[in-house]
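S.K.: Have a look at this one before I ask anything.
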Amino acid sequence: MKKRLPPLGTLRAFDAVARLKSFKLAANELNVSPTAISHQIRLLEDQLMISVLKRSPRHVDLTPEGKILLTATSQVFSLLHAAIDEMTFLHNPTPLTLTATTAFITCWLIPHLAEIRRQFPNINLRLHADDDPVDLETTGIDMAIRYGYPTENKINCYPILEDKFILVSSPTLRIKTVEDLLRVPLIHTDGRRIPQPSPDWDVWRSHFGPEELNIMHGARFTDETHSVQAVIAGQGIAITSQLMVQQALKDGLVVSPFPYTLSGATYYVVENKNSRHIREIERFRQWLISII
C-alpha cells in the first residue's frame, strides 16, 4: 500500500520555509502567522516521522531528507502554477503582442494575417509598430521582429533571415536593361540607419551602373513603405528590401528586372522570457523561419 501523502498545506509551508530559510518570511509569503507555519511543519514531520528542517535561533537549514523533499516540492508547485496560469489563460485570453517596424508590419505581416489565423487559430495577435527598439520586459510586449546585427551571445534572440536589397519597378515601365534606368524616375528612401553603407542609388551605380545615371533626381521618402507604394503606382524605380516586396512580387504588382542584389542586415526575433505565451511564441518563431 502506498504511503498517504502529507496534506498540501504542510508541503506548501515547508516549500516556503525551505526556499526562504525563514519562518517569518514564509509566513509573510503565505499570509499566515509564523506560529501557523511552525504548526504545519510539525504536522509534516509527525506524519513523515522524519525531520526535514534543522532549526536554530538564527538559521533554518535543511536536513538531507529535507533537501530531497524540496527538490520535489519545487517541481510540483512550479507545475501547479503553470497549470493554473494556463487554465486562467483559457478563460481570460490575452493578446500576444508583437512589435516590429512599420515597414515590416505593413509590407509583410498584414499580407500574411489570413495565413497566421489559419496556422494559429488560438492566438489573438496584437501588432505594435515602432521603428525604434522597445524594451520587452518593461512594456510587457511578448516578442519583437527587429532588423540589424544581433550579437551571437544575446539570449532569446533568433535570426530568421539574411536580407537582400533589389531593384523593383512597375511592370508597366518595361525595364529590360540597366540603360533603361536612364529614362525613368528614381525613387529614394532616405534616413536608413541599417544597413551601412546604405543600399542607395550611389552604391547601385558603382556596382551595376550605368555610369551616367543621375542619382540626384527623383522623389525622396523617409519611409520604405511609401517608396514601395510609389513603385506600385508606376512613379519610378526603387531599391528596397527583398522581403518588403515579397508579396507585391507574388501578386505581380512589381517586378525585379535584374538578378543583382545589395547586402542587407538580418531580420531576427527577440522573445520576452517572462511572457505568458512562451509556447505560442516558439511556434510562431518556427513558422516565421519556415515561411520567410
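The values are calculated or read from the model by the stated rules, or taken from the named source; none is laboratory data. Note that the coordinates shown come from a computational prediction; the quantities given were computed from them, not determined experimentally. Methodologically, a virtual Cβ is constructed for each residue, glycine included, from the backbone with ideal geometry; neighbour enumeration extends over all protein chains shown. Heads up: the accessible areas ignore ligands, DNA and RNA and are worked out on the full protein's heavy atoms, side chains in. Shrake-Rupley method; radii C 1.70, N 1.55, O 1.52, S 1.80 Å.
S.K.: Round to a whole number: what % of the accessible area of the chain belongs to carbon and sulfur, probe 1.4 Å?
M.R.: Using a 1.4 Å probe with all protein chains present, the chain comes out at 54 percent carbon and sulfur.
S.K.: While we're looking at this one, here's another question. What's the extension gain from residue 125 to residue 21 if we count 0.36 nm per residue and subtract their Cα-Cα distance?
M.R.: 33.2 nm
S.K.: What GluC sites (Glu not before Pro) does region 122-188 have in DSSP loop regions with at most 14 other beta carbons within 10 Å?
M.R.: 152
S.K.: On the first, second and third principal axes, largest extent first, how far apart are the outermost C-alpha atoms of region 54-203 in Å?
M.R.: Each principal axis gives a Cα extent; for region 54-203 these are 88, 36, 23 Å.
S.K.: Can you pull out the trypsin sites (Lys or Arg not before Pro) in region 232-292 whose DSSP state is coil and whose Cβ has at most 16 other Cβ atoms within 10 Å?
M.R.: 273
S.K.: Beyond 18 Å, how much of the Cα-Cα pair distribution for region 90-138 remains, as a whole percent?
M.R.: 37 percent
S.K.: Rolling a 1.4 Å sphere over the protein heavy atoms, what is the accessible area per residue of the chain, to the nearest Å²?
M.R.: 58 Å²
S.K.: Turning to a different aspect of this structure: Which part of region 113-138 falls in the paramagnetic zone of residue 273, meaning amide N under 15 Å from the point 7 Å along Cα-to-beta-carbon?
M.R.: 136-138
S.K.: Please determine, in degrees from 0 to 90 and to the nearest 10, the orientation of helix 34-48 with respect to the longest principal axis defined by the Cα atoms of the chain, where the helix direction is its Cα long axis.
M.R.: Between helix and principal axis, roughly 80 degrees.
S.K.: Taking the Cα of residue 283, stepping 7 Å toward and past its beta carbon, and measuring to each backbone N in region 115-137: which are under 17 Å?
M.R.: 115-126
S.K.: Where both residues lie in the chain, what percent of DSSP beta bridges are antiparallel, nearest 5?
M.R.: Rounded to the nearest five, the antiparallel share is 65 percent.
S.K.: Once label points are set 7 Å from the Cα along Cα→Cβ at both residue 78 and residue 4, what is their separation, rounded to one decimal in nm?
M.R.: Calculated label separation equals 3.1 nm.
S.K.: If you average 1/r over every pair of different alpha-carbon atoms in the chain and take one over that average, what Kirkwood value in Å do you get?
M.R.: 23.7 Å
S.K.: Given the rule -39500 (n - 2.57) for each run of at least 4 DSSP H residues, summed and divided by the residues of the chain, what is its mean residue ellipticity at 222 nm, to the nearest 500 deg cm²/dmol?
M.R.: After summing the helix terms and dividing by the residues of the chain, the value is -11500 deg cm²/dmol.
S.K.: Can you pull out the trypsin sites (Lys or Arg not before Pro) in region 22-62 that DSSP calls coil and that have at most 16 other Cβ atoms within 10 Å?
M.R.: Taking region 22-62 and a limit of 16 other Cβ atoms within 10 Å, the loop trypsin sites (Lys or Arg not before Pro) found are 58.
S.K.: Return, ordered by residue number, the residues of region 208-225 whose backbone nitrogen is under 19 Å from a label point located 7 Å along Cα→Cβ of residue 256.
M.R.: Residues 208-210, 224-225 fall inside that zone.
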